1. Can you list residues whose amide H is under 5 Å from TYR96's amide H, if they're 5+ apart or on another chain and H is modeled 1.01 Å from N?
2. Can you give me the % of accessible surface on the chain that is carbon or sulfur? Probe 1.4 Å, all protein chains present, nothing else counted.
3. Applying the Karplus parametrisation 6.51 cos²θ - 1.76 cosθ + 1.60 with θ = phi - 60° to the phi angles of the range 92-105, what ³J(HN,Hα) value in whole Hz is obtained for each residue in order, glycine and proline being reported as x?
4. From the square roots a ≥ b ≥ c of the eigenvalues of the alpha-carbon gyration tensor of the chain, which class results: rounded (a/c under 1.5), prolate (a/b over b/c), or oblate?
5. Got a number for the accessible area of VAL40? Probe 1.4 Å, square angstrom, nearest 10.
6. Could you check which residue among PRO46, PRO21, PRO122 shows the biggest mean-square fluctuation in a GNM of the chain with a 10 Å Cα cutoff?
7. R0 = 22 Å: FRET efficiency of ARG145 with ALA80, Cβ-based, nearest 0.05?
8. Once both labels are modelled 7 Å past Cα along the beta-carbon direction, what's the THR115-ARG57 spacing in nm?
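The values are calculated or read from the model by the stated rules, or taken from the named source; none is laboratory data. This is a predicted model, so every value here is computed, not measured. Neighbour counts are summed over all protein chains in view; Cβ atoms, including those assigned to glycine, are modelled from backbone coordinates with ideal geometry. Side chains are part of the model used for accessible areas, which takes the heavy atoms of the whole protein and leaves out ligands, DNA and RNA. Shrake-Rupley method; radii C 1.70, N 1.55, O 1.52, S 1.80 Å.
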Amino acid sequence: MTFMKQALNLAIRAKSHDDVPIGAVIVRNGKIIARGENRVQKQKNPTLHAEIVAINRACKKLGTKFLDNCDIYITLEPCAMCATAISLARIKHIYYAAPDAKGGGIAHNARIYDTDKHLWRPRVTQIPEYADASATLLRDFFAARRIKK
């Protein structure tokens, strides 16, 4: 199973506890070392985005504050907070599925890596073959939420 498929499975798990369906996996040397899904609603903490959860778990597992030589696979373009955390963790490469015109912080809005002021700038790649699956999961989630209200 691909790393992005694993992230999509985590997004589905986030949806099961009423969190926005976003998942992330961190990979080192071709193996997943940490997983994370949004836990904002579940733990009542606005900072617990999938990327932050995965970074915390990876740092704990490796016993380090930096995730050199690690890649992160995320179902949605990271927001500015998560993109900054990824930079601070010194993750080598970001792979994301769906772009986020409203809340994205890399290709949209803040575009935090477009400045030369960043200490660490990861490579960024969108994986378009998973964009539809991720976007559909998000659209369905928010449509169901609007119906509930």
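1. Under 5 Å from the amide H of TYR96: ILE74, THR125, GLN126, ILE127.
2. Working: 4240 of 8010 Å².
Exposed carbon and sulfur together represent 53 percent of the surface.
3. 6, 9, 9, 10, 10, 8, 9, x, 10, 5, 8, x, x, x
4. On the way: a/c = 1.57, a/b = 1.35, b/c = 1.16.
Prolate.
5. Accessible area, nearest 10 Å²: 40 Å².
6. Top of the fluctuation ranking is PRO46.
7. Numbers: r = 23 Å, r/R0 = 1.05.
That gives a FRET efficiency of 0.40.
8. It is 3.1 nm.
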